[in-house]
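Everything on this sheet refers to the single structure shown next.
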Amino acid sequence: MFDVIGSTLTNAVAIAISPIPIIAVILMLMSPRALRLGFGFLVGWLVGILVATTVFSLLADAVTAADPTASRPILGVVQIVLGAGLLFLGWRQWRSRPAPGVTPELPAWMSKIDSMGVLAAVGLAFALAALNPKNLLVEAAAGTTIGRASLDTGALVVAIIVFSVIAALTVLIPVLFAAFAPQTAAKALTSVRAWLTANNAVIMTVLFVVLGANVVGKGIGAF
């Protein structure tokens, strides 16, 4: 089980340091309903990661259980395709980076965060975690790794939970920071948001390239 958790650690970190959800939760924590929106976003984010990773883990586990020998090349091809998709996303992020001196544009929905309700925050976080193609590819890669390990039910559940919690840490920490030290958090989170906004494209490019190469390598190793 621990080797599986180690194998998916890169995937979890890739989701954890994705700038958009971190910027979103920081904006919520700077709104009039800071903690309600922040905790709502945290719940949706964690549940979204759990659901997506569980689905892919169970699919990979079912394929492996049906025919352990024949499933290796099948899952290998799946991992190579997922890795290629991540490399493509890395290329697109690099191509879309802003020119030097130009302020990057954030998604239009971020301007509406102040008027967002708690349920909307939960739904937004779930969509970003479980439906956004960027995160979905990462979760699919992690789920495939977990599922093909043929773990027993208890170990499978633990591996998915550990992966999901690590992936959600960068949303959890700002929420707890704002809850227990609101005045200190306000200044610190503003600086973090500015840095992430300016470096979003570069961060995601590096993440996708490293993770994509890693997933492709695992897929080749399955043959």
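The values are calculated or read from the model by the stated rules, or taken from the named source; none is laboratory data. Model, not experiment: these values are computed from the prediction. All Cβ positions, even for glycine, are placed from backbone atoms using ideal geometry, and neighbour counts span all protein chains on display. For the accessible areas, the whole protein counts, side chains as well, though only heavy atoms, and no ligand, DNA or RNA atoms are used. Shrake-Rupley method; radii C 1.70, N 1.55, O 1.52, S 1.80 Å.
Numbers below:
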item	result
Which numbered condition residue 96 fails, given (1) among the polar types (S, T, N, Q); (2) surrounded by 17 or more Cβ atoms within 10 Å (Cβ to Cβ); (3) at pLDDT below 85	(2)
Pairs with Cβ under 9 Å, 6+ apart, first in the range 3-25 and charged (D, E, K, R), second assigned to a loop (DSSP other than H, G, I, E, B)	3/149
Test: residue in the range 174-184 that is under 20 Å from residue 14 (Cβ atoms) and of a type outside the set (Asp, Glu)	yes
Test: residue 150 is modelled with pLDDT under 85 and more than 24 Å from residue 35 (Cα to Cα)	yes
Cβ pairs under 9 Å, 6+ apart, first in the range 176-193 and closer than 14 Å to residue 35 by Cβ, second of a type outside the set (A, V, I, L, M) and part of a helix (DSSP H, G or I)	177/184; 178/38; 179/38; 179/39; 185/174; 185/177; 189/174; 189/177
Test: residue 14 is among the aliphatic types (A, V, I, L, M) and either modelled with pLDDT of 90 or more or within 15 Å of the chain's Cα centre (by Cα) (or both)	yes
Failed condition for residue 165, given (1) open to solvent by 70 Å² or more (accessible area, probe 1.4 Å); (2) modelled with pLDDT of 90 or more	(1)
Candidate set: the range 1-34, residues that are part of a loop (DSSP other than H, G, I, E, B) and β-branched (Val, Ile, Thr); chosen: the one most open to solvent (accessible area, probe 1.4 Å)	17
Options 197, 205, 145: the member that is touching a residue at least 40 places away in the same chain (Cβ under 8 Å), within 14 Å of residue 54 (Cα to Cα) and open to solvent by less than 40 Å² (accessible area, probe 1.4 Å)	145
Of all residues making up the range 110-135, the number that are buried (at least 18 other Cβ atoms within 10 Å of the Cβ) and in a helix (DSSP H, G or I)	11
Pair list, Cβ under 6 Å, 6 or more apart: the range 67-87 residue farther than 18 Å from residue 132 by Cβ, other residue open to solvent by 70 Å² or more (accessible area, probe 1.4 Å) and modelled with pLDDT under 70	73/223; 76/223
